[in-house]
Amino acid sequence: MTNVEVIFEDDDLLIANKPSGITVIPDRVHPEKATLQTILEKKSGKLFVVHRIDRGTSGIICFAKSQQVHKHLSLQFQNHQVKKIYKAIVQGKLEGREGIINTPIAENKVRPGTMLIHARGKEALTLFTVEEQFKHAALLNIEIKTGRTHQIRVHLASAGHPLLVDEIYGNAKAFYFSSIKRNYKQTAEEERPTIARLTLHAFQLSLIHPTLKRELTFMAHLPNDLETVLKLLRKYDKP
């Protein structure tokens, strides 16, 4: 996987649209695998990681091109000066058009690498609005005011609306067309999933450019797999 869309690039930073299925930096299990950082560095030179999103999540990622810019941008993230908007396809029918989830998140000691809602955890604040409501699912616009590990996934699951596909915090490894198509006829071959990755996309990022000293907003279009799911829901899962 070498074709990564670069949304914006100048002497200070690089904004990319990360495909699902690739990590931002090397993971502990497969440190030898190519990462978003190593792929982009082949064309753009040394890059400094400012923030991360999950392997299964697609969307906007920002890299710095110098240690000075890295420090400037990292402080913006730490001080919650960066605006991050996600799009998520979730399970169920939501009451109302918007909501706030304000519950602390901590590491799950029983299941290392995962998180949970815990009174002694770190503050986590998630805002959401319903963009489209289907019969059994919904498309949400989500703004996170904090950047906790797996925050959106944990918060949505705690609210009873996990991602449409989330094996860890939800109950589905994949989404199948047959789940919403009436009288679906199974062929001789086993049905292939419409999508088998997290139904979460980092859609928009706003930050203060370290040199221009003004706010810039970047957007990453929805990938084809998520667009396909939405088209099917619009046609076969009408409320």
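With runs of 4+ DSSP H residues as the only contributors, calculate the mean residue ellipticity of the chain at 222 nm using -39,500 (n - 2.57) per run, divided by the residue total and rounded to the nearest 500.
-5000 deg cm²/dmol
Any idea how far the Cα center of segment 111-161 sits from the one of segment 19-78, in Å?
Here the two parts' Cα centres lie 23 Å apart.
I'd like to compare 74-83, 121-130, 200-209: which one has the highest average count of other Cβ atoms within 10 Å, and what's the full order after that?
The most tightly packed comes first, giving 200-209, 121-130, 74-83.
Just the number, please: percent antiparallel of the DSSP beta bridges in the chain, rounded to the nearest 5.
Taking every DSSP beta bridge with both residues in the chain, the antiparallel ones total about 95 percent.
Cα gyration tensor of segment 8-120, axes a ≥ b ≥ c as square roots of the eigenvalues: rounded (a/c below 1.5), prolate (a/b > b/c) or oblate?
Note, shape of segment 8-120 comes out prolate.
What number comes out for accessible area per residue over the chain if the probe is 1.4 Å? Units Å², please.
So the chain comes to 56 Å² accessible per residue, rounded to a whole number.
Of the heavy-atom accessible surface of the chain (probe 1.4 angstrom), what whole percent is carbon and sulfur? Show your work: numbers first, answer last.
Details: 6580 of 13300 Å².
Carbon and sulfur together cover 49 percent of it.
In the neighborhood of R214, defined by Cβ-to-Cβ distances under 15 Å, what is the net charge if each Lys or Arg adds +1 and each Asp or Glu adds -1?
Taking every Cβ under 15 Å from that of R214, the sum is -1.
Only four residue types carry charge here, +1 at the Cβ of Lys and Arg and -1 at the Cβ of Asp and Glu. Report the dipole size of segment 170-239 about the Cα centre in Debye, rounded to the nearest 20.
It comes to approximately 240 debye.
Please give the net charge around A174, taking every other residue with its beta carbon less than 14 angstrom from that of A174, where Lys and Arg add +1 and Asp and Glu add -1.
Taking every Cβ under 14 Å from that of A174, the sum is -2.
With charges only on Cβ, +1 for K and R and -1 for D and E, what is the dipole size of segment 2-114 about its Cα centre, in debye, rounded to 20?
The dipole of segment 2-114 has a size of about 280 debye.
Once you charge only the Cβ atoms, +1 for Lys and Arg and -1 for Asp and Glu, what is the size of the charge dipole of the chain about its Cα centre, to the nearest 20 debye?
320 debye
Would segment 100-239 count as rounded, prolate or oblate if I go by the C-alpha gyration tensor, calling it rounded below 1.5 in a/c and otherwise prolate when a/b exceeds b/c, oblate otherwise?
Cα axes put segment 100-239 in the oblate bin.
Please report the antiparallel percentage of DSSP beta bridges with both residues in segment 127-230, rounded to the nearest 5. Don't skip to the answer; put the middle values down first.
Values: 13 of 13 bridges.
Just about 100 percent of them are antiparallel.
List the relative contact order of the chain as a percent without decimals, with contacts defined as Cα pairs under 8 Å and 6+ residues apart.
Reported relative contact order: 20 percent.
With a/c under 1.5 counting as rounded, go ahead and sort the chain into rounded, prolate or oblate using the C-alpha gyration tensor (a ≥ b ≥ c being the square roots of the eigenvalues; past the cut-off, prolate if a/b is larger than b/c, else oblate).
Cα axes put the chain in the prolate bin.
Specify which residue in the list N183, T194, S158 is farthest towards the positive end of the charge dipole of segment 147-199, using unit charges on the beta carbon of Lys, Arg (+1) and Asp, Glu (-1), about the Cα centre.
My answer, from the dipole projection, is S158.
Give me the net charge of Q68's neighbourhood, meaning all other residues with Cβ under 12 Å from the Cβ of Q68; Lys, Arg count +1, Asp, Glu -1.
Details: positive: K65, K71; negative: D11, D12.
Net charge in that neighbourhood comes out at 0.
The values are calculated or read from the model by the stated rules, or taken from the named source; none is laboratory data. None of the values given here were measured: they were computed from a predicted structure. Glycine also receives a Cβ, built like all others from the backbone with ideal geometry; neighbour counts cover every protein chain displayed. Only protein heavy atoms, including side chains, enter the accessible area calculation; ligands, DNA and RNA are left aside. Shrake-Rupley method; radii C 1.70, N 1.55, O 1.52, S 1.80 Å.
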